[in-house]
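Working notes, structure below.
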Amino acid sequence: MSLDLKKTGVGEVFSGCFIVLQKEKKTAKNGRLFGDLLLGCKSGDIPAKIWDLSDDLFNSFDKESVVEITGKLDEFMGRPQIIVNSLKTLNADDIDYEDFLPSSKYSFSDLKDRLLSIIDSVEDVFLKRLLVSIFNDSDIPGSADMSTGVLERFLKAPAAKNFHHAYLGGLAEHSLGVAKLASVIAGNYPGVVNRSLLVTGALLHDIGKIQEFSFLRTIDYSTEGRLIGHHVLGYEMIKQAAEKLGNNEFSEDNTLTDLQRETVLQLLHLILSHHGSYEHQSPKKPKTIEALLLHLCDDADAKINAFQLIEEASEKGSEWSPYNRLLERFIYLKKLDEITD
Ligand SMILES: [Fe+2]
Ligand SMILES: [Fe+2]
């Protein structure tokens, strides 16, 4: 059983299971060896120290081992850390690694139902068919751990390693959040915004993340993710899916129509420009209204989730969050609805 750190108080002695995310042997000022670890569990990551470390103990576990720990919750520089008293490595065969990864508050079946319903709402027949064929695809090019289909990986993948939606189910939760915002905004500008294109772009904008991340045991970048990134990985998936459609039912002479080709071109532009600027790794800046709106909805949904996660992780009752390096600010935590006159 993974430990819920939020329910453990500072100074409390506890026992629980964690996955080892990082391990390093260091020497303290008194010359003694200590283990400097980063441990993971459902409620997040936490640093841990093993004082007076023996080589035997240090060598008894590896990165990604699941260990049962007895220890005390301590605090260092305002951050919680664990002081380990005893550590035992568990047999990998008995472990369900999902128990040690943070996950969305929405169930996979809830996310799946919401995805199917928003796909169903796409009016453009070609874009709807493209969405269905991408999510039904069982064949993902790439590394060996991509053994499941696109839909299953999309529902499980994180949207990031840090910052926003950095948990299992995060990619689907984020993509659905962006699609919902996109749909509302499209409704505000009838005749100006193509809702089918914008919603399709919203659902697919980060689809490359199913290859960019590995999330079997821990959440990390895959080799494809580090070398290519989700813009280009997503671009490739969508382009291939569109070409396959062109070779099937949509055309008698095995090619897409002019309108279908133009639709794919504009959709691919949405994928390549959704981060908005070159300094945010977008190969292109948004050059259509739908691309601009996708970027704004993506940014809004990611930042709202980042604020939410900071609020949830902050100490109850405090006015300010700790300084957040990624957002480069403190977050003010006082909620108007919680103040009573
Ligand atoms: Fe992205
Ligand atoms: Fe995104």
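Just so you know, all these numbers are worked out from the coordinates, no wet-lab data involved. Just so it is clear, the structure is predicted and the values come from calculations on it, not from any experiment. With ideal geometry, Cβ positions are generated from the backbone for all residues, glycine too; neighbour counts draw on all protein chains shown.
To the nearest µm²/s, what D does Stokes-Einstein give for the chain at 20 °C and 1.002 mPa s, using the Kirkwood radius over alpha carbon pairs as Rh? If you can, show how the numbers build up before the last one.
On the way: Rh = 22.2 Å.
Once the numbers are plugged in, D ends up at 97 µm²/s.
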Task: Most fluctuating residue given options 79, 153, 261, as computed from a GNM of the chain linking Cα atoms under 10 Å - done: 79
Task: Spatial extent of region 183-280: Rg and Dmax, with the Cα atoms as the point set, Å - done: 15.7, 47
Open item on the list: For the chain, set up a GNM with springs between Cα atoms under 10 Å and report which of 110, 94, 298 has the largest fluctuation.
Closed with: 94
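How much of the pair distance distribution for region 233-341 lies past 19 Å, counting alpha-carbon pairs only, in percent?
Counting every Cα pair in region 233-341, those more than 19 Å apart make up 62 percent.
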Open item on the list: Of the candidates 98, 262, 64, which one comes out as most mobile in a Gaussian network treatment of the chain with C-alpha springs shorter than 10 Å?
Closed with: 262
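One-quarter of the Cα convex hull surface for region 30-127, in nm²? Show your work: numbers first, answer last.
On the way: hull surface 43.0 nm².
For region 30-127, averaging the hull's shadow over all directions gives 10.7 nm².
Count charges around residue 301 for me, please; just the other residues with Cβ under 12 Å from its Cβ, Lys/Arg as +1, Asp/Glu as -1.
Once positives and negatives cancel, what remains is -2.
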Open item on the list: Only counting other Cβ atoms within 10 Å, I'd like 73, 292, 270 sorted with the fewest neighbours first.
Closed with: 292, 73, 270
Task: Rounded Å value of the spacing that divides the Cα centres of region 284-341 and region 155-220 - done: 17 Å
TODO: Taking every Cα atom in region 1-69, find the radius of gyration and the maximum pairwise distance Dmax, and write them in Å.
DONE: 12.5, 36
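Evaluate the relative contact order of the chain (contact order divided by residue number), counting alpha-carbon pairs under 8 angstrom at least 6 apart; express in whole percent.
Working: 590 pairs, mean separation 36.7, N = 341.
Relative contact order of the chain: 11 percent.
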